[in-house]
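Student: The structure's right below; bear with me while I get my questions together.
The values are calculated or read from the model by the stated rules, or taken from the named source; none is laboratory data. All values reported here derive from a predicted model rather than from experimental measurement. Every residue, glycine as well, gets a Cβ built from its backbone with ideal geometry; the counts of neighbours run over all protein chains shown. Accessible surface is based on the protein model in full, side chains and every heavy atom, while ligands, DNA and RNA are left aside. Shrake-Rupley method; radii C 1.70, N 1.55, O 1.52, S 1.80 Å.
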Amino acid sequence: MDAESLLLSLELASGSGQGLSPDRRASLLTSLLLVKRDYRYSRVLFWGRILGLVTDYYIAQGLIEDQLAPRKTLYSLNCMEWSLLPPATEEMVEQTSVVKGRFMGDPSHEYEHVDLQKVNDGDKVFEEEIVVRIKEETRLVSIIDQIDKAVAVIPRGALFKTPFGPVHVNRTFEGLSMSEAKKLSSYFHFREPVELKNKTLLEKADLDPSLDFMDSLENDIPKGSWSIQMERGNALVVLRSLLWPGLTFYHTPGTKNCGYIYVGTGEKNIDLPFML
């Protein structure tokens, strides 16, 4: 959700029980404006909150003019002091995949994982136990990256692609119509396309290259991993992810008001295919 319309956005997303105390809201309103100024971002998004056993992580992201360029991620424990996180790598994601359970809330906390490695000693081969230490900050970077790639959502038309390549905010976007807002095909993944590149020319024939340049949610696997609900007398559309419980996307049809927020434990629902 955009930091400039934070109070309205939090109100629209509150149907899932995801709210902030008045002092946290006031702190975020002030500090995110300072983050935007100091880091010279085009836009700052309040990404959400990852719940820890000791303290919660508040996450924000900074965007430059090109909306699909790699986003800079920052975290805070008190909504006032923000620290920049390093970009996620495949090695980080692979390394932290062995860590299970809740976050502690301490970036310097280290998880211990026992890894078995085969060692050759002449003709004999035996397994040796090696203790691998993984910092919670590394796990935080990995989880945010996975959630962004899997369930960050943007409505069709909110962004447009120029003939030269960069993606910008569509200033003429006035929201989806009521009929379009109820369709999963009207929403895209807010990231570089993956599935779109595999489509044939025939499948791409009906697509508008300036608007349909991202992957649609209707092709997500497993089918049924999204819940669409109309709230407030059909005045608000809410999408909830069942794959990453805690991710809520909201949109008011006919207006520019849209965004997503994640408030959860940072744990993926790996049992979803068996629950559908």
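Student: May I ask you to say which residue of R191, R240 is basic (K, R), surrounded by 15 or more Cβ atoms within 10 Å (Cβ to Cβ) and closer than 25 Å to R171 by Cβ?
Tutor: Step by step, each of R191, R240 is checked, and only R191 is basic (K, R), surrounded by 15 or more Cβ atoms within 10 Å (Cβ to Cβ) and closer than 25 Å to R171 by Cβ.
Student: When you scan segment 240-263, how many residues do you find that are part of a strand (DSSP E or B) and on the phi < 0 side of the Ramachandran plot?
Tutor: Here the count works out to 12.
Student: Please work out which residue is surrounded by the most Cβ atoms within 10 Å (Cβ to Cβ), limiting yourself to segment 52-61 and to residues that are touching a Lys or Arg at 6+ places or on another chain (Cβ under 6 Å) and closer than 15 Å to Y260 by Cα.
Tutor: Checking each candidate, the answer is Y58.
Student: Still on this model: Which fully enclosed strands (runs of 3 or more DSSP E) of segment 79-164 have 2 or more residues being closer than 29 Å to H189 by Cα?
Tutor: By residue number, 153-155, 159-161.
Student: Do you know which residues across segment 61-78 are over 22 Å from K268 (Cβ atoms) and part of a strand (DSSP E or B)?
Tutor: Within segment 61-78, G62, L63, K72, L74, S76 qualify.
Student: Can you name the condition, by its number, that S186 falls short on among (1) of a type in the set (S, T, N, Q); (2) touching a Lys or Arg at 6+ places or on another chain (Cβ under 9 Å); (3) under 30 Å from E91 (Cβ atoms)?
Tutor: Looking at each condition in turn, S186 falls short on (3).
Student: Right, another one. Pairs, please: C-beta under 6 Å, at least 6 apart or cross-chain, first residue charged (D, E, K, R) and in segment 60-75, second open to solvent by 20 Å² or more (accessible area, probe 1.4 Å)?
Tutor: If the second residue must be open to solvent by 20 Å² or more (accessible area, probe 1.4 Å), the pairs left are E65/S42; D66/P166.
Student: Scan segment 207-217 and give yes if some residue there is assigned to a strand (DSSP E or B), at pLDDT below 85 and closer than 22 Å to I270 by Cα, otherwise no.
Tutor: Scanning segment 207-217 turns up at least one residue that is assigned to a strand (DSSP E or B), at pLDDT below 85 and closer than 22 Å to I270 by Cα.
Student: A follow-up question, please. Among the residues of segment 62-78, write down those that are among the charged types (D, E, K, R) and surrounded by 21 or more Cβ atoms within 10 Å (Cβ to Cβ).
Tutor: R71
Student: With E136, E90, E81 as the choices, which residue is in contact with a Pro (Cβ under 9 Å, 6 or more places away or on another chain) and either charged (D, E, K, R) or open to solvent by 90 Å² or more (accessible area, probe 1.4 Å) (or both)?
Tutor: It is E136.
Student: Pick out the one residue from R49, R25 that is over 24 Å from V132 (Cβ atoms), assigned to a strand (DSSP E or B) and open to solvent by 20 Å² or more (accessible area, probe 1.4 Å).
Tutor: R49
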